[in-house]
Number of protein chains: 4
Amino acid sequence: MTELNLKGIIAYPVTPFSACGERIDGDTLGLLIDRLIDSGCHAIAPLGSTGESAYLNDKEWDEVAERSLSQVNRRVPVIVGISDLTTQNAIRRARFAQAHGADAVMVLPVSYWKLSEREIYRHYSRIAQAIDIPIMLYNNPATSGVDMSPELIARIVREVDNVTMVKESTGDIQRMHRLAQLSDRRIPMYNGSNPLALEAFAAGAVGWCTAAPNLIPALNLRLYEAALAGDLQQARDLFYRQLPLLQFILKGGLPTTIKAGLTLCGIDAGVPRLPLEALDEAETERLAAILDTLR
Amino acid sequence: MTELNLKGIIAYPVTPFSACGERIDGDTLGLLIDRLIDSGCHAIAPLGSTGESAYLNDKEWDEVAERSLSQVNRRVPVIVGISDLTTQNAIRRARFAQAHGADAVMVLPVSYWKLSEREIYRHYSRIAQAIDIPIMLYNNPATSGVDMSPELIARIVREVDNVTMVKESTGDIQRMHRLAQLSDRRIPMYNGSNPLALEAFAAGAVGWCTAAPNLIPALNLRLYEAALAGDLQQARDLFYRQLPLLQFILKGGLPTTIKAGLTLCGIDAGVPRLPLEALDEAETERLAAILDTLR
Amino acid sequence: MTELNLKGIIAYPVTPFSACGERIDGDTLGLLIDRLIDSGCHAIAPLGSTGESAYLNDKEWDEVAERSLSQVNRRVPVIVGISDLTTQNAIRRARFAQAHGADAVMVLPVSYWKLSEREIYRHYSRIAQAIDIPIMLYNNPATSGVDMSPELIARIVREVDNVTMVKESTGDIQRMHRLAQLSDRRIPMYNGSNPLALEAFAAGAVGWCTAAPNLIPALNLRLYEAALAGDLQQARDLFYRQLPLLQFILKGGLPTTIKAGLTLCGIDAGVPRLPLEALDEAETERLAAILDTLR
Amino acid sequence: MTELNLKGIIAYPVTPFSACGERIDGDTLGLLIDRLIDSGCHAIAPLGSTGESAYLNDKEWDEVAERSLSQVNRRVPVIVGISDLTTQNAIRRARFAQAHGADAVMVLPVSYWKLSEREIYRHYSRIAQAIDIPIMLYNNPATSGVDMSPELIARIVREVDNVTMVKESTGDIQRMHRLAQLSDRRIPMYNGSNPLALEAFAAGAVGWCTAAPNLIPALNLRLYEAALAGDLQQARDLFYRQLPLLQFILKGGLPTTIKAGLTLCGIDAGVPRLPLEALDEAETERLAAILDTLR
């Protein structure tokens, strides 16, 4: 397995659709990725929750994966979200990502029927056996319907070869404490809950998986740098400054709010796919007001 | 819109897979449907949660819908589950079901990102506008990730033309009370929570949506008949008799437990699709013991 | 231990306070008890949650216990709520109740610090050893902060001699199913959740512990009688008729709403003790409107 | 109103009982308080949750308040927990505390019946009007049964004169963020959730309300000092070092675990009052092992 030392701001681009909402807008996707890299983000993570991966058909998914990887072109590491409801298709996607140059894949155990711990474990180990690049285990019960305990997560990281990183998005800082304890603080932890950014760094997270850099990359990066430097006062000030935006994008749903924010920034990335709807007018005004205070 | 007066036991067949798990086993599906109709079930509901609808690709979904409708061949009403993550594909499935003779469709607002009330409402109204047959609104937050309040449900039934029936699967009897109150007891309510079968009938549900008839149709039907006759003592006795099975299939997941039960009954409907796994040995023995007491 | 075959409507009087809120109004308490007995209630339960037991000092508590027992004067069974935060004072109250003629006591494991199962078990067994009359175990996590599983409850009933009855107030009908299963339907179950009255009887509850008879005794009694006769249609109609009141008194808190309702009925039982406040004007009008429809 | 600038480690002594559990052991209480002050704690908070305040009768409560205040003798500020179920007795205790020299009182809205926001607000304002010393509002739904939103808390602090400090014990760091936002970071926030100590300081808490200094005062103080100095790396290391103890005392209940720990340290403070029981043998061994690693 290749080594990967992922740190800092891992940025999640949205997946832009063409005006009628039917087609992937690859050029705008390329533009978004370039903006994220140019702003200093440390890695790019296409096809995550933010990327509306769950709403794409397989052909579209392949198209976004391929375009994202070729656009980044090894300037920074790329971690591709390959989650799917069936193990079979998750494996297909993982192989596709590896074949096209992904540095790592991210796996959320999406479910319809609740999965037992045995089923989750074997889902990860089957995917891991099918590829040679590292896997970031991703826990996000709010979207996946499956909640993995720190104990289960630590066991998977310990026993399944390619699973080397953990993204925690429950927003419960005690999960990070527990993971740290279970691994003697050796599992690389990534925070996926935006309003927990400050405290996750305090607790020892090495990275922040976030869609916020689509809108406010400099503030995100400065928070990381202050935390890395151990400057708590500075980190706290930077955090409270950007917190209204972090709360807003969490509450309104990432694809919906980030796409609205991009429009406000002059970039047309379309709107989310139905049944998701575009941010309504009143909320868009609130978002504009928040962004105004951050310029 | 066609009229449909759906009552009683609405039976949910599993979707059988061939040995290698790769293909739909249409002949066994036909056999399962015949068994359910022959045992006296009042309607057939393919492609529900039990039918692993979420784990099928579009081609497979079409195949199961078509085979189910042709197999029933109008002996009893058929209500087809057409839920999908995108509104567009839910509409495609709804039209397919109507074109192939479905009497109604069942719609669960499956989600990855949480849906707002406005998004849920418009998801239903868009599907309703695309077809002419009745829609059963289906609330099941445990699998869909979206919980609709009785107030929202009552509004959708009142305002969206084709939505005429409600299947409640939260297992919270107060939801049925509230729905009854909001509609002056006029919304036809169907219970989708197996261990609530007795009390849902007591509260006025007109039907029970259940996978249990794959294993114990006579007990399910007799409970309905006792409730319909208003014989509370008899209904209670029948309910407690079958409750261990109802609890078991809820806890273990319907596709997993029903397929294991069918194997115990001598019918090979395969196992669920990965990441779902076959029921393990110890649990299968417990299921066999429960079934033994009910013969 | 004396035998007690408690069935039907167990009525909970409020504890009336004098105008300034400082003193117990014993005469009005006597009047309320007479009304409940005259209306046909099967038992009287003073000093329950409704009786603001938790808000009385020891002297007041004794006064209410004594007056209630002497007022009933063995016309119907009396079950006295003796719950207290310390085991020592709960025992003192239990002995006091027994000494003054109580037929049974009701015990809720009130807590500040969460109690372990061992602590709950020993709390019950210590009280049971101190008296000779039957104990009704009472589970109501919403007020007590402690939730007892059906398994723990069944074990206490099985092993602790005087604990012979169970009042379940979680509002979760599956708890009653589980209790019934764990005891082969032999534990006498009493329902303490007003909006669950219909379904609890359906599931086999032998009694309904309720403050509603302070306001609508005839409807409560007729629901019980219909359920007892196994007439499901009649029971359902009676239930839905009184449901708005049952929902109202649950939502607004029993002492608050029942005292407001008594005032509307021309009986001045005072208002609840601070920090509880009297029902506000808007809510009082809603209550009056509900009561009007039930006359 | 007197000014009070409370910061750092606010230490919560247990209330020691005599061997038979019947009487307050004032001398040991004095010893515990001296130990806490000598170790450098910045304030003493008797009669909190840790002090088993809820399990004391009024006479005992007065005795502990008086002894604590005289023992501290103005060496550090004293904040007395005066919570009681009735507003009347809470006021009595608040006045008693003030009369005997308390620097502030802490108020948790203990409840049996849930309190409305109006009831909570008026409970605080009635107490505030009765005294002249500052009030620390205390939110701890796990023990009190009442959860106050940050919005309600901020309104009480803004509008009720004496309420000047907030102790948050939900363990949800987002509550602190919200409180900070609602007051432009001006409300003095105190953290009452031990395993959140690191992150609460990161988020801007000025104090840590904790019973841990009964056992490990030096580690608690060093964590505070590192956080105050903005040395994140050092604070993190100190936090993870003491986290097993912080988790243990939270999980087992503070009076139970702290009293067991004191015994292990050679101080006999008795055991908690029934229904609370002494820590069992297996858990006591676990606690001893944790304490061993921290020496």
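The values are calculated or read from the model by the stated rules, or taken from the named source; none is laboratory data. This one's a predicted model, so the numbers in the text were calculated from it and none came from an experiment. With ideal geometry, Cβ positions are generated from the backbone for all residues, glycine too; neighbour counts draw on all protein chains shown. These area figures cover heavy atoms from the full protein model, side chains too; ligands, DNA and RNA do not enter into them. Shrake-Rupley method; radii C 1.70, N 1.55, O 1.52, S 1.80 Å.
Taking R0 as 22 Å, what's the FRET efficiency between residue B:39 and residue B:231 from their Cβ-Cβ distance, rounded to 0.05?
0.55
Efficiency by 1/(1 + (r/R0)^6): what FRET value for residue D:293 and residue D:99, r their Cβ-Cβ distance, R0 = 51 Å, to the nearest 0.05? All intermediate terms of the calculation are to be shown ahead of the outcome.
Details: r = 44 Å, r/R0 = 0.87.
Efficiency, from the Cβ-Cβ distance: 0.70.
Assuming 0.890 mPa s and 25 °C, estimate D for the protein assembly as shown with Stokes-Einstein, Rh taken as the Kirkwood radius over Cα pairs, in µm²/s.
76 µm²/s
With every protein chain present, what accessible area does residue C:225 have (1.4 Å probe, heavy atoms only), rounded to the nearest 10 Å²?
Result for residue C:225: roughly 100 Å² accessible.
Name the chain A residue nearest the rotation axis between A and B, going by Cβ position, and give the distance in whole Å.
A:145, 3
Report, for the protein assembly as shown, the % of DSSP beta bridges that are antiparallel, rounded to 5.
5 percent
Keeping every protein chain in place, order C:276, B:4 by accessible area at 1.4 Å, biggest value first, i.e. largest first.
Order by accessible area, largest first: B:4, C:276.
How do the peptides B:49-57, D:208-216 rank, highest first, by the average count of neighbouring beta carbon atoms within 10 Å per residue?
Result, highest mean first: D:208-216, B:49-57.
Could you report the buried accessible area between C and D, both sides summed, computed with a 1.4 Å probe and given in Å² to the nearest 100?
3100 Å²
Give, in whole angstrom and from largest to smallest, the semi-axes √(5λ) of the equivalent ellipsoid of the range A:172-295, with λ running over the eigenvalues of the Cα gyration tensor.
Details: eigenvalues 169, 57, 24 Å².
Computed over the range A:172-295, the values are 29, 17, 11 Å.
Show D:70, A:125 ordered by accessible area, largest first, where the area counts protein heavy atoms only and the probe is 1.4 Å.
Ranked from most to least accessible, the order is D:70, A:125.
Compare each residue of the range A:198-232 in its chain alone against the assembly with all protein chains, and report those whose accessible area goes down by 10 Å² or more; 1.4 Å probe, heavy atoms.
Residues shielded by partner chains are A:198, A:199, A:201, A:202, A:203, A:204, A:227, A:230, A:232.
Measure up C:259/D:167; C:167/C:259; B:59/B:259; D:167/D:259; D:167/D:251; C:114/D:114 against 26 Å on the Cα-Cα distance and list the ones that go over.
Details: C:259/D:167 35 Å; C:167/C:259 23 Å; B:59/B:259 22 Å; D:167/D:259 23 Å; D:167/D:251 19 Å; C:114/D:114 18 Å.
Those over the limit are C:259/D:167.
Return the single residue from C:74, C:175, C:118 with maximal mean-square fluctuation; model: Gaussian network over chain C, springs between Cα atoms under 10 Å.
C:118
What part of the accessible area of chain A, given as a whole %, is carbon or sulfur when the probe is 1.4 angstrom?
48 percent
In 5 Å bins starting at 0, how do the alpha-carbon pair distances of the range D:8-293 split up by percent?
1, 6, 13, 17, 20, 18, 14, 8, 3, 0, 0
How much FRET efficiency would the formula 1/(1 + (r/R0)^6) give for residue A:281 and residue A:19, where r is the Cβ-Cβ distance and R0 is 22 Å, rounded to 0.05?
Given R0 = 22 Å and the Cβ-Cβ separation, E is 0.70.
Quick one: label points 7 angstrom along Cα→Cβ at residue D:161, distances to the other copies in nm, smallest first?
Copy-to-copy label distances for residue D:161: 6.1, 6.7, 7.4 nm.
So in the range C:1-135, what percent of DSSP beta bridges are antiparallel if you round to the nearest 5?
Antiparallel bridges make up about 10 percent of those DSSP assigns within the range C:1-135.
If the only charges are +1 at each Lys and Arg Cβ and -1 at each Asp and Glu Cβ, what is the size of the charge dipole of the protein assembly as shown around the Cα centre, to the nearest 20 debye? Mind showing how you got there, number by number?
Numbers: 116 positive and 140 negative charges, 0 e Å.
About 0 debye.
Where nothing but the Cβ of Lys and Arg (+1) and of Asp and Glu (-1) is charged, how large is the charge dipole of the range C:8-293 around its Cα centre, in debye to the nearest 20?
780 debye
If you take every residue apart from residue C:281 with its C-beta less than 15 Å away from the C-beta of residue C:281, what net charge results, scoring Lys and Arg +1 and Asp and Glu -1?
-1
How much accessible area per residue does the protein assembly as shown have, in Å², with a 1.4 Å probe?
In whole numbers, the protein assembly as shown has 36 Å² accessible per residue.
Considering only the label points, 7 Å along Cα→Cβ from Cα, what distances in nm to one decimal separate residue A:38 from the same position in each other copy, shortest first?
6.7, 7.1, 8.7
Which Cα, out of D:264, D:71, D:21, lies furthest along the positive dipole direction of the range D:8-293 (beta carbon charges, K/R +1, D/E -1)?
Of the options given, the answer is D:71.
Most mobile of B:122, B:23, B:158 per a Gaussian network model of chain B (Cα springs, under 10 Å)?
Greatest mean-square fluctuation among the candidates belongs to B:23.
May I ask what percent, to the nearest 5, of DSSP beta bridges between residues of chain A are antiparallel? Don't jump to the answer; show the numbers that get you there.
On the way: 1 of 24 bridges.
Approximately 5 percent, going by the DSSP bridge assignments.
About its Cα centre, how strong a charge dipole does the range B:177-272 have in debye, to the nearest 20, once Lys and Arg get +1 and Asp and Glu get -1 at the Cβ? Working shown, then result.
Numbers: 8 positive and 6 negative charges, 37 e Å.
Around 180 debye, computed over the range B:177-272.
Treating the point 7 Å from Cα along Cα-beta-carbon as the label, what are the nm separations from residue B:141 to the other copies, to one decimal?
The answer, with the shortest distance listed first, is 1.3, 1.4, 1.5 nm.
Where in the range B:15-58 does accessible area fall by at least 10 Å² between the isolated chain and the complete protein assembly, at a 1.4 Å probe radius?
So the qualifying set is B:22, B:49, B:54, B:55.
Full-extension gain between residue B:155 and residue B:130, please, as 0.36 nm times their residue separation minus the C-alpha to C-alpha distance.
In short, 7.1 nm is gained.
Go through C:31, A:245 and list them by solvent-accessible area, largest first, probe radius 1.4 Å. Don't skip to the answer; put the middle values down first.
Numbers: C:31 85, A:245 0 Å².
Of C:31, A:245, the descending order of accessible area is C:31, A:245.
Run lengths n ≥ 4 of DSSP H only: what is the helix-derived mean residue ellipticity at 222 nm for the protein assembly as shown, with -39500 (n - 2.57) per run over all residues, to the nearest 500?
-15000 deg cm²/dmol
Find how many whole Å separate the alpha carbon centroid of the range C:195-268 from the alpha carbon centroid of the range B:171-242.
Rounded to whole Å, the Cα centres lie 22 Å apart.
Positive end of the dipole of the range A:129-193, charges at C-beta (+1 Lys, Arg; -1 Asp, Glu), about the Cα centre: which of A:131, A:176, A:152 has its Cα farthest in that direction?
A:176
Given the options B:121, B:190, B:138, state which has the largest fluctuation in a GNM of chain B using a 10 Å cut-off (strictly under) for Cα springs.
Ranking B:121, B:190, B:138 by mean-square fluctuation puts B:121 first.
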